[in-house]
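Novice: Quick one: the structure is below, and I'll ask about it shortly.
Bear in mind that the values in this text are calculations on the coordinates, not laboratory data. Only a predicted model underlies this, so the values are computations on that prediction, with no experimental measurement involved. Cβ: placed from backbone, ideal geometry, glycine included. Neighbour counts: every protein chain shown.
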Amino acid sequence: MKKLVYTLVWMIPLWAVHGYSQMAKDLDGTASDVATPFLTAQVVEGKLWVDVPSSLLEKPLLWTSNGNSEFYDSKHVQFRKEGERLYLEQPRVWSEMGIWLPMNGDISLERIFLGEFPIMAYDGNAYRIDMTSVVLDESIPWQHMSSLPRLGHLSEVVGVKHKEGELMVQTRIGLSKEGVSFLEPVFFSFLVLPEPMEPRPYDYRMAYWVEDQDRTGDQTENKVGSIGRWRLAKKFKDRERSVPQKPITFLISPDIPEKWRPYVKAGVLEWLPAFEAAGFTNAIIVKEMDSLDAWENRSLGNSVIRWGRNQNVRGREALGGGGTVTLVVDHRSGEIVKSDILLGTSLQRLQDEYFVRCAALDPRARTNPFPDELTGELIQFLVAHETGHALGIKDNHFGEFQYPLERMGDAQWLKDMGHTPSVMSYARHNNMAQPKDSVPPHLLIQKVGPTDHYYIQWAYTEFPSGWGKKQKSERLEEMIRWQDSVPWYRYNDSNYEIIGPGNTNEVVETNDPVGGAKRALANLERALALLPDTNQGRTDMARSKRIYAQGLELWYHTMRNVLSMVGGYEVFYKSMDQEGSLYTPVDFTRQQEAMDYFMGQAFDPPQWLTHPDLGMDIRYSSHPDLVLNYQKLLLMELMRPQRMKRLEHLETLEGFEGALDWYVEELQQRLFKELLESTGQVPARKQAIQALYLEKWNQNFQKERFQLGVDEMAFVHSDHSLGVVMEQLLDLQRLLRKSLKRHKHLESKGHWAWCLAKLEELTGG
């Protein structure tokens with residue numbers, strides 16, 4: 001559920017350049033009149049000969065490539081005639097929103113030269129040229145083409161296929177890797193552009209990509225552009241709800257086993273009620289395919305749901321990676337024309353993630369392997385998430401820190417609202433309900449929620465034909481303002497910095513992170529305790545080790561969610577004429593409560609987590625120490641300059657006076673609390689944490705900051721923060737000297753002496 005790849009795509013007109021038609025069969029087997037392709041081609045003695053009609057000269061076309069990366073890359077191109085030659089060029093794209101789109105990230109480029117072809121023949125209608133070089137030439141940059149060394153003597157054009165409005169060319173590209181030669185199949189397509197559809201303006205408050213996925217600028221900037229969405233129009237304009245003129249259609253690849261296909265289909269169709277809110281019935285169709293050859297699989301006329309290439313490969317059983325979607329988008333208007341859904345997560349990974357969250361709540365998860373029904377529901381969840389991407393919606397944070405914690409065990413709420421407002425967040429499954437709540441197991445799995453319905457309604461609702469631009473804009477803004485009264489409709493982008501409890505992943509984010517953590521960890525403890533019984537009969541400890549590692553990862557993310565309260569903000573993106581702030585600090589008392597809970601849990605974790613009963617001891621050494629690894633990551637979170645700068649800013653606000661001083665003092669006192677105890681004994685893990693704390697401050701004080709630019713300064717501590725830290729380190733130095741001098745029987749004496757030496761190195765004596 002990670003990266004989206006947007007490319008340019010052209011819808012194909014139904015007219016034919018050559019003016020006659022032929023019979024063909026659609027994928028469902030029905031006969032239809034199909035216009036002859038606008039380009040014709042043939043392979044002659046290994047050469048690709050293409051006939052380019054004169055009527056296509058200087059007309060916008062699309063040239064796409066698709067190799068083993070599974071993603072589509074594309075270029076706006078056009079043919080131009082000069083003398084006895086045709087030239088292939090890539091021009092800059094004009095958006096229907098009234099702006100030029102940068103080409104290849106360069107705002108100065110207006111066109112790129114791609115190829116030059118002598119005219120072989122002209123029949124009064126079309127020019128014949130040899131295009132072999134451009135489909136085999138490695139000098140033409142394709143974003144997703146393999147970067148491995150090419151073997152030209154092995155590369156060849158395999159064949160061509162003419163589809164309605166699409167010319168497809170199959171090649172095999174010779175590649176070399178570590179002395180081994182192999183062939184990679186690469187498909188190219190040429191398409192012609194139709195009239196662009198009416199765009200829907202991009203708005204940063206709604207989680208849709210701008211059409212070309214331009215990520216430059218601040219995440220709160222409203223770029224001039226259109227969002228990515230399908231061309232969907234009512235068949236019956238006078239009805240409140242109508243079937244579309246052309247529904248969104250997905251094909252289930254034959255490589256997906258038959259027993260999982262009903263769940264794949266159900267995952268896609270979870271979105272049907274959302275489209276009903278936008279005025280469409282039966283907006284999506286899903287077809288199961290018994291066969292699908294390479295041409296149909298790669299054609300831009302088909303959107304295919306299939307396993308990722310590494311599915312069922314030994315060694316990838318436990319790997320994550322989620323799924324992904326390759327969106328093919330017409331950048332002029334944002335129209336999505338093709339979207340393949342690639343299911344990359346292994347079934348084993350889906351099951352392990354569910355076990356650590358819900359085994360205490362769902363008896364089906366206590367069997368090994370899971371029953372097909374439960375595995376199918378997890379596949380459905382994965383497909384539902386990826387379908388959201390295929391419809392244009394981004395990953396990120398939707399209404400998090402808004403759902404009430406007490407509702408997480410309320411079956412009626414979960415039926416109506418779900419445990420998270422959107423399937424597009426990384427909340428995963430409900431581990432906040434408790435066994436006493438008796439929540440039906442099917443309500444524990446993440447599904448399409450109310451915020452997803454809201455997003456589809458905003459993007460796909462048709463306007464009455466008589467409405468002008470101003471009226472449409474006002475209606476869209478009115479719908480966005482629903483976020484004023486429905487807080488779980490709100491979206492925010494973490495932008496690589498967790499600035500509050502609505503910005504963390506892998507946890508169910510309620511309005512009470514501390515209370516939620518207590519419930520989640522209670523279920524995690526119960527799940528780990530179930531492992532010995534559920535793993536009976538296995539001949540190895542692989543599953544126990546794997547699920548324990550998953551449990552530690554979940555503990556880490558739960559701790560991050562609690563920590564996000566400290567120096568944290570609630571985020572609510574707004575227009576200039578809306579009252580209130582974009583960033584509202586979390587109440588200081590709640591920050592202090594979160595810090596207290598976090599310090600007790602993160603660096604003094606419970607025995608059930610550090611030494612679980614897995615039915616057999618699975619360790620023979622102190623290395624690797626997975627718990628310590630996560631503790632070190634959490635310490636780095638505590639020491640981040642970004643967090644300290646937020647606390648430094650909070651000190652300027654009423655009610656947050658002394659926030660940074662409190663934070664640094666609380667952090668250091670809790671980390672070194674053993675020094676204040678009678679014996680001074682420090683467990684080995686805590687020694688490593690204390691040592692890392694001093695080492696990192698030593699490094700931070702030595703960083704050269706005066707030559708850094710504005711952007712780089714975000715990643716170093718301010719002078720004020722370093723001054724506050726130095727004051728605390730000097731106090732720690734004095735305390736260590738006193739303790740080592742007065743307490744002759746101080747335990748962990750060597751460790752404390754090392755800490756003092758490190759401090760003296762840092763402070764200069």
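Novice: At 0.36 nm per residue, and after removing the present C-alpha to C-alpha distance, how many nm does the segment from Gln471 to His623 gain when stretched out fully?
Specialist: Details: separation 152, 0.36 × 152 = 54.72 nm, distance 6.50 nm.
Value of the extension gain: 48.2 nm.
Novice: Per Stokes-Einstein, at 37 °C and 0.692 mPa s, what whole-number D in µm² s⁻¹ belongs to the range 195-271, with the Kirkwood radius over Cα pairs as the hydrodynamic radius?
Specialist: Numbers: Rh = 15.9 Å.
Roughly 207 µm²/s, to the nearest whole number.
Novice: Follow-up question, since we're still on this one. The range 36-104 to the range 552-626: how many Å between their Cα centroids?
Specialist: Spelled out, the Cα-based centre of one part sits 52 Å from the other.
Novice: Just how far, in whole angstrom, is the range 400-441 from the range 448-512 if you go by their alpha carbon centroids?
Specialist: Measuring centre to centre over Cα atoms gives 20 Å.
Novice: I need the per residue convex hull volume for the range 427-583, using only the alpha carbons, in cubic angstrom as a whole number. Each step should come with its number before you reach the end.
Specialist: Numbers: hull volume 27.2 nm³, N = 157.
Dividing the Cα hull volume of the range 427-583 by its residue count gives 173 Å³.
Novice: So how much slack lies between Ser739 and Lys673, counting 0.36 nm per residue of separation and subtracting their Cα-Cα distance, in nm?
Specialist: Values: separation 66, 0.36 × 66 = 23.76 nm, distance 1.27 nm.
Here the answer is 22.5 nm.
Novice: How fast does the range 254-355 diffuse by Stokes-Einstein, in µm²/s, taking the Kirkwood radius from C-alpha pairs at 10 °C and 1.306 mPa s? Don't skip to the answer; put the middle values down first.
Specialist: Working: Rh = 15.5 Å.
Rounded, D is 102 µm²/s.
Novice: Can you give me the Kirkwood hydrodynamic radius for the range 279-420, using every pair of distinct Cα atoms, in Å to one decimal? Working shown, then result.
Specialist: On the way: mean 1/r = 0.0561 Å⁻¹.
Result for the range 279-420, one decimal place: 17.8 Å.
Novice: Which entries in Lys686/Lys758; Lys75/Lys469; Lys75/Lys394; Lys415/Lys447 show an alpha-carbon gap greater than 20 Å? Mind dumping the intermediate values first?
Specialist: On the way: Lys686/Lys758 16 Å; Lys75/Lys469 30 Å; Lys75/Lys394 23 Å; Lys415/Lys447 10 Å.
Distance filter (> 20 Å) returns Lys75/Lys469; Lys75/Lys394.
Novice: For the range 552-614, what does the relative contact order come out to in percent, with C-alpha contacts under 8 Å and a separation of six or more? Mind showing how you got there, number by number?
Specialist: On the way: 42 pairs, mean separation 22.3, N = 63.
It comes to 35 percent, rounded to a whole number.
Novice: Could you bin all the Cα-Cα distances of the range 710-765 into 10 Å bins starting at 0 and give me the percent of pairs in each, rounded to whole numbers?
Specialist: 21, 41, 23, 12, 3, 0
Novice: Which of the trypsin sites (Lys or Arg not before Pro) across the range 714-765 are loop residues per DSSP, with 10 or fewer other Cβ within 10 Å? Could the numbers behind the result be given before it?
Specialist: Values: sites: Arg734, Arg737, Lys738, Lys741, Arg742, Lys744, Lys749, Lys758; in loops: Lys744.
Within the range 714-765, the qualifying trypsin sites (Lys or Arg not before Pro) (loop, at most 10 other Cβ atoms within 10 Å) are Lys744.
Novice: Which chymotrypsin sites (Phe, Trp or Tyr not before Pro) in the range 579-620 pass both tests, a DSSP loop state and at most 16 other beta-carbon atoms within 10 Å? Display every interim value, and only then the final one.
Specialist: On the way: sites: Tyr583, Phe588, Tyr597, Phe598, Phe603, Trp608, Tyr620; in loops: Phe603, Tyr620.
The qualifying sites are Tyr620.
Novice: Suppose R0 equals 41 Å. What FRET efficiency, 1/(1 + (r/R0)^6) with r the Cβ-Cβ distance, do Leu151 and Lys287 give to the nearest 0.05?
Specialist: Details: r = 39 Å, r/R0 = 0.94.
FRET efficiency, Leu151 to Lys287: 0.60.
Novice: Let me check I have the definition right: for the chain, take the eigenvalues of the Cα gyration tensor, multiply each by 5, take square roots. What are those semi-axes in whole Å, largest first? Can you show the working numbers first?
Specialist: Numbers: eigenvalues 552, 175, 161 Å².
The three semi-axes for the chain are 53, 30, 28 Å.
Novice: Report the trypsin sites (Lys or Arg not before Pro) located in the range 542-605 that are in a DSSP loop and have at most 14 other Cβ atoms inside 10 Å of their Cβ, or state none.
Specialist: Numbers: sites: Arg543, Lys545, Arg546, Arg560, Lys574, Arg590; in loops: Lys574.
Here no loop site has a sparse enough neighbourhood.
Novice: Please list, in chain and number order, the residues 5+ apart from Gly500 or on another chain whose amide H is under 5 Å from its amide H, with Hs placed from the backbone.
Specialist: Placed amide hydrogens put Tyr569 under 5 Å from Gly500.
Novice: Taking 0.36 nm per residue of sequence separation and subtracting the Cα-Cα distance, how much length would be gained by fully extending the chain between Arg241 and Ala294, in nm to one decimal? Walk me through the numbers before you get to the answer.
Specialist: Numbers: separation 53, 0.36 × 53 = 19.08 nm, distance 3.73 nm.
The Arg241-Ala294 span can extend by a further 15.4 nm.
Novice: Whole number please: convex hull volume per residue of the Cα set in the range 612-728, in Å³? Walk me through the intermediate numbers first.
Specialist: Working: hull volume 19.5 nm³, N = 117.
Taking only Cα atoms, the range 612-728 has a hull volume of 166 Å³ per residue.
Novice: Sticking with this structure for a sec: Express the relative contact order of the chain as a whole percentage, based on alpha carbon pairs under 8 Å and six or more residues apart in sequence. Walk me through the intermediate numbers first.
Specialist: On the way: 1411 pairs, mean separation 72.6, N = 765.
So the answer I get is 9 percent.
Novice: I've got another one for you. I need the fraction of alpha carbon pairs in the range 523-566 separated by more than 13 Å, rounded to a whole percent.
Specialist: Details: 564 of 946 pairs.
Everything past 13 Å amounts to 60 percent.
Novice: Report relative contact order for the range 640-765 in percent, whole number only (criteria: Cα-Cα under 8 Å, sequence separation at least 6). List each step's numbers first, then the result.
Specialist: Values: 88 pairs, mean separation 42.5, N = 126.
Result for the range 640-765 is 34 percent.
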